[in-house]
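Structure record follows, encoded as structure tokens.
The values are calculated or read from the model by the stated rules, or taken from the named source; none is laboratory data. All values derive from a computational prediction rather than experimental measurement. Neighbour counts run over all protein chains shown; Cβ positions are idealised from the backbone, glycine included. We work out accessible area using only protein heavy atoms, side chains counted, and drop any ligands, DNA or RNA first. Shrake-Rupley method; radii C 1.70, N 1.55, O 1.52, S 1.80 Å.
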Amino acid sequence: MTGPTSKKTPSSLPVEDRKRVVIERVQPEIDSGRFPIKRVVGEQVLVEADVYADGHGALTAVLLFGEGENPSRWKSCEMTPLPNDRWQGSFTVSKPGYHAYTIEAWVNPFKSWRRDLDKKLQAGQDISVDLLVGAELVEHAASGAAEKDRKQIEEFAHFLKSRNKLEVRASLALDPDLAELIYRYPNKRFATRYDRQLLVWADRERARFTAWYEMFPRSCGENGKHGTFRDCERRIPDIAEMGFDVLYLPPIHPIGLTNRKGRNNAPMVQNGDCGSPWAIGSEAGGHKSIHPELGTLEDFQRLCGKASEHGLEIALDIAFQCSSDHPYAREHPEWFRRLPDGTIQFAENPPKKYEDIYPFEFESEEWPSLWRELKSVFDYWIEQGVRIFRVDNPHTKPFAFWEWTISEIRKAHPDVIFLSEAFTRPKVMNRLAKIGFTQSYTYFAWRNTKAELTEYFTELTQTEAKEYFRPNAWPNTPDILTEFLQTGGRPAFILRLILAATLSSNYGIYGPPFELCVSQPREVGSEEYLDSEKYEIRQWDLKHPNSLREIITLLNRIRRENPALQSNDGLRFHPVDNDQVICYSKSSPDRSNLIVVAANLNPHHAHSGWIHLPLAELGIPPDQSFQAHDLLSDARYIWHGPDNYVQLNPHVIPAHVFRIRR
């Protein structure tokens, strides 16, 4: 044991004892490097760290980066020193998949010598010995230099030791060309490398910017008939014309008969009740089969092709649960939990009961075969061309299962996108995002006040969460009809649409009910729709004059035409002297595109206020006027200075979406 007075023999001292540089507080770094950060191909990874050493030696720090989890070749860029021993560097992810990064730093003798030489010259001190020291440093660089550079470096060293005038030799010593040449061959014998190799997962662009439209295929028929995939095709041009790029379909598999739920979740069915698509499995098959009334696999593939022709991708719902009629229940009873009376435990979330659904038992002794089979469900639909999956209730399955499944799928298909439908506790939602889910549902639907929205979206976009949690904002879903939408009328729907589409670069709507401002709950205090489409076929009058189609189309066009709305990095909130009015801005990475949104959060009454914009931060000269072009109404206003007035009547339009023209 060594202590303050103990002696170490030189042979017992590790080489690390001569590594003087400390590297710490690296950002971004998620849970000490346990999880990767997220980026999209073409995006920058900006890395910062505290880098310092004892003494006064000049440091060099480089950011190392490469493709793959363990790069065979590292690229590097020199980091820039910031105040207080903070250093910064960046690189760009160039392809989907993993990228690694770390930091290396060392005390740079040549840089230190060159810096001190300049100071001595400025002070008029004798530098004759210093030039000889520099010559030795240059000679050391020559020993490791490439053939094409070695001769030139040796000539520099010889000149520094020559009898030429001191001022001439000093001029050469401070020549930037010499420094550039020597820096190619640094003395890194005692360099410190950060003790962790950190990872980035790079997705394709659609992970960052999407507009989702949810639709039940069985409701696409006419005259009360069960819809088919061929019926769905007729809706494709209209959905694409509204500006959506993802068409999400709830489960398309056979639906069980045993304990089938009736309309409005009734425990008893009537003749003709079609049941819930989430009660998966019947004699017609399970998770790798298609509900017979929807059509065939060929019909589904044709639907995907038609969607692709219009710039749409089909997203499928993956719900890992079964009807008691599912082939799994018959062929693999070991994958389910049995009660003492011998029956299989159906799903519950007390007081709610889901008698038509069996959950899987992930703690079963046969868990390996269960995991492999469930992963194969993804594999099957990937083979059919699906690359986007909305995953139902992932928080009710083990984290380890999802981490393994997503990792395995990404090895062969790095372009697959997973949306986590987990409305649960924040830490659980965050963990799911960390272990691989590409996008995540949020609490947006229940954040209504200015304080709630500001706090929540600041957390999502300006804290560590921004490195791994990609929010996808939905104002409604088949399970969620909020009190705000129930009571706010048409203005409430328009407001929540504008907020979802501009606060988050990924958003979605549960289509026809949102388009038509459907707001009737099953009963007072419930967020369930009356006559919910989850339990019956609903055929919608999409040409109804109350439709929001026009404003939806306009908003999606605004999003596509303005890069500021295609990312969340530039989101900032701004003061307004009225708590009923919220104001925020988004800017593109190059700051060439700036959007300012002002919204009246009260769907019943007009409100006004003075908004305060930090002009310097937004790149607006404080002494110049600028144009605020409202992209919703096409009105144009000339603004002067940081404080400007807005007035918003929700019964006309509850928000401005300004493009600021400097």
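Numbers at a glance
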item: Members of the range 466-494 that are of a type outside the set (Ser, Thr, Tyr), open to solvent by 10 Å² or more (accessible area, probe 1.4 Å) and part of a helix (DSSP H, G or I); result: Lys466, Glu467, Glu483, Phe484, Gln486, Gly489, Arg490, Pro491, Ile494
item: Exclusive hit being touching a residue at least 24 places away in the same chain (Cβ under 8 Å), closer than 14 Å to Ile660 by Cβ and surrounded by fewer than 19 Cβ atoms within 10 Å (Cβ to Cβ), set Arg572, Arg560, Arg549; result: Arg572
item: Filter result for Arg330 (in a helix (DSSP H, G or I), in contact with a strand residue (DSSP E or B) (Cβ under 8 Å, 6 or more places away or on another chain) and not small (Gly, Ala, Ser)); result: no
item: Scan of the range 27-63 for residues that are outside any strand (DSSP E or B) and within 12 Å of Tyr101 (Cβ to Cβ), ordered by number; result: Pro28, Glu29, Gly33, Pro36
item: Filter result (assigned to a loop (DSSP other than H, G, I, E, B) and acidic (Asp, Glu)) within the range 597-626; result: Asp623
item: Which listed residue is aliphatic (A, V, I, L, M), open to solvent by 10 Å² or more (accessible area, probe 1.4 Å) and in contact with a helix residue (DSSP H, G or I) (Cβ under 7 Å, 6 or more places away or on another chain), from Leu631, Leu594, Leu618; result: Leu631
item: Check on Val47, open to solvent by less than 40 Å² (accessible area, probe 1.4 Å), at pLDDT 95 or above and over 19 Å from Gln197 (Cα atoms); result: no
item: Hits in the range 416-455 - residues which are among the hydrophobic types (A, V, I, L, M, F, W, C) and farther than 26 Å from Ala598 by Cα; result: Val416, Ile417, Phe418, Leu419, Ala422, Phe423, Val428, Met429, Leu432, Ala433, Ile435, Phe437
item: Subset of the range 329-372 that is touching a His at 6+ places or on another chain (Cβ under 8 Å) and surrounded by 15 or more Cβ atoms within 10 Å (Cβ to Cβ) - its residue that is farthest from Pro414 (Cα to Cα); result: Tyr358
item: Subset of the range 378-407 that is of a type in the set (Ser, Thr, Tyr) and surrounded by fewer than 19 Cβ atoms within 10 Å (Cβ to Cβ) - its residue that is nearest to Pro96 (Cα to Cα); result: Ser407
item: Checking His99 against (1) assigned to a strand (DSSP E or B); (2) surrounded by fewer than 17 Cβ atoms within 10 Å (Cβ to Cβ); (3) in contact (Cβ under 8 Å) with a residue 60 or more places away in the chain, the condition it does not meet; result: (2)
item: Failed condition for Ser276, given (1) in contact with a Lys or Arg (Cβ under 8 Å, 6 or more places away or on another chain); (2) surrounded by fewer than 20 Cβ atoms within 10 Å (Cβ to Cβ); result: (2)
item: Close pairs (6 angstrom Cβ cut-off, 6 or more residues apart or separate chains): in contact (Cβ under 8 Å) with a residue 24 or more places away in the chain in the range 635-647, assigned to a strand (DSSP E or B) and open to solvent by 70 Å² or more (accessible area, probe 1.4 Å) anywhere; result: Pro642/His612; Asp643/Trp610; Asp643/His612; Tyr645/Trp610
item: Matching residues in the range 552-586 - criterion: being under 24 Å from Tyr456 (Cβ atoms) and of a type in the set (A, V, I, L, M, F, W, C); result: Ile552, Leu555, Ile558, Ala564, Leu565, Leu571, Phe573, Val576, Val581, Ile582, Cys583
item: Residue in the range 51-66 that is aliphatic (A, V, I, L, M) and touching a Leu at 6+ places or on another chain (Cβ under 9 Å) present; result: yes
item: Failed item, numbered, when Glu467 is tested on (1) free of Cβ contacts under 8 Å to residues at least 60 places away in the same chain; (2) more than 30 Å from Ser633 (Cα to Cα); (3) not basic (Lys, Arg); result: (1)
item: Sole exception among (1) closer than 20 Å to Cys304 by Cβ; (2) of a type in the set (S, T, N, Q); (3) open to solvent by 80 Å² or more (accessible area, probe 1.4 Å) for Asn223, by number; result: (1)
item: Residue that is surrounded by the most Cβ atoms within 10 Å (Cβ to Cβ) [pool: residues in the range 495-524 that are assigned to a strand (DSSP E or B) and in contact (Cβ under 8 Å) with a residue 60 or more places away in the chain]; result: Gly508
